[in-house]
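Each remark here refers to the structure printed beneath this line.
The values are calculated or read from the model by the stated rules, or taken from the named source; none is laboratory data. All figures in this text were calculated on a predicted structure; none of them were measured in a lab. FYI the Cβ positions are ideal-geometry reconstructions off the backbone, even for glycines, and counts take in every protein chain you see.
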Amino acid sequence: MTLQLTPATKTALSISVATGLYGISFGALAIAAGLNLWQTVALSLLMFTGGSQFAFIGVIAGGGGPGPAFGAATLLGVRNAVYGMQVKAMLRPRGLKKLAAAQVTIDESTATAAGQTEPGEQRRGFWVAGIGVYVLWNIFTVVGALLGDALGDPKAWGLDGAAVAAFLGLLWPRLKSAEPVAIAAVCSLATVLAIPLVPPGVPILVAAVVAGVWGYFGRGPATEGLEPDVEPHNSAKGKR
């Protein structure tokens with residue numbers, strides 16, 4: 001695929017730089033959580049999904065073991081499987097491209113592709129954003145990890161609590177309506193109640209189960225915001 005400076009490409013490149021730079025934060029926080037350089041690099045190379053990576057090191061920093069940390073990261077990574085179905089329908093990758101697409105299917109690449117209407121622009125947006133973020137995220141993860149090593153005691157700089165702050169920063173923009181706020185409040189309460197009863201790292205899994213049960217039995221996002229007088233045959237309009 002030839003790189004052309006189309007609107008999709010420009011958007012993808014700007015997103016790649018902005019997201020890639022955030023890798024510095026992850027690298028430094030991973031070192032502060034007790035991971036070494038190679039473990040930090042491996043997380044970005046192999047896991048490569050920001051929310052899951054921050055959840056993983058957040059559990060480790062709180063004293064949790066690898067099991068609960070991996071469980072929390074996996075639950076947050078489930079959304080990428082949903083993205084994968086959308087990307088497959090849009091791009092229809094084949095052979096090795098399918099494996100490459102699976103690795104770089106993240107929030108940014110999916111959003112860039114979905115924001116385009118022309119198939120060629122969808123492909124350019126997805127691949128430029130996906131590969132761009134992957135390369136820059138991993139480069140700046142190394143930079144952040146090396147800086148983290150040079151900083152010394154993380155508590156002296158307040159980095160021991162920064163993983164939680166970074167995770168909340170990822171969560172906050174998603175609280176745009178009453179239901180997500182209510183879910184967040186209930187899950188927070190469940191976490192607080194579970195902390196004295198279960199080992200470190202498990203409370204976040206308890207919160208995830210609560211959110212999952214809410215989503216399963218709740219009305220879901222499909223009907224949220226619909227006017228009462230909308231006819232059934234119109235309710236599907238505008239959906240991807």
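Select, from 124, 79, the only residue that is surrounded by 14 or more Cβ atoms within 10 Å (Cβ to Cβ), assigned by TED's automatic domain parsing to the domain that holds residue 15, in a helix (DSSP H, G or I) and within 14 Å of the chain's Cα centre (by Cα).
On the way: 124 fails: within 14 Å of the chain's Cα centre (by Cα).
None of the others qualify; the one that does is 79.
So which of 61, 73 ends up being among the small types (Gly, Ala, Ser) and touching a residue at least 60 places away in the same chain (Cβ under 8 Å)? Show your work before the answer.
Working: 73 fails: touching a residue at least 60 places away in the same chain (Cβ under 8 Å).
Unique residue meeting the criteria: 61.
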task: Tally the residues that are within 19 Å of residue 130 (Cα to Cα) and assigned to a helix (DSSP H, G or I), restricting the search to region 31-53.
output: 11
message: Could you check region 1-33 and list, in sequence order, the residues that are of a type in the set (S, T, N, Q) and under 20 Å from residue 55 (Cβ atoms)?
response: 19, 25
- request: Please go through region 103-139 and pick out each residue that is over 13 Å from residue 10 (Cα atoms), aliphatic (A, V, I, L, M) and modelled with pLDDT of 90 or more.
  value: 104, 131, 133, 135, 136, 139
- request: Please indicate, with yes or no, whether at least one residue in region 25-38 is polar (S, T, N, Q), assigned by TED's automatic domain parsing to the domain that holds residue 69 and without any contact (Cβ under 8 Å) to a residue 12 or more places away in the chain.
  value: yes
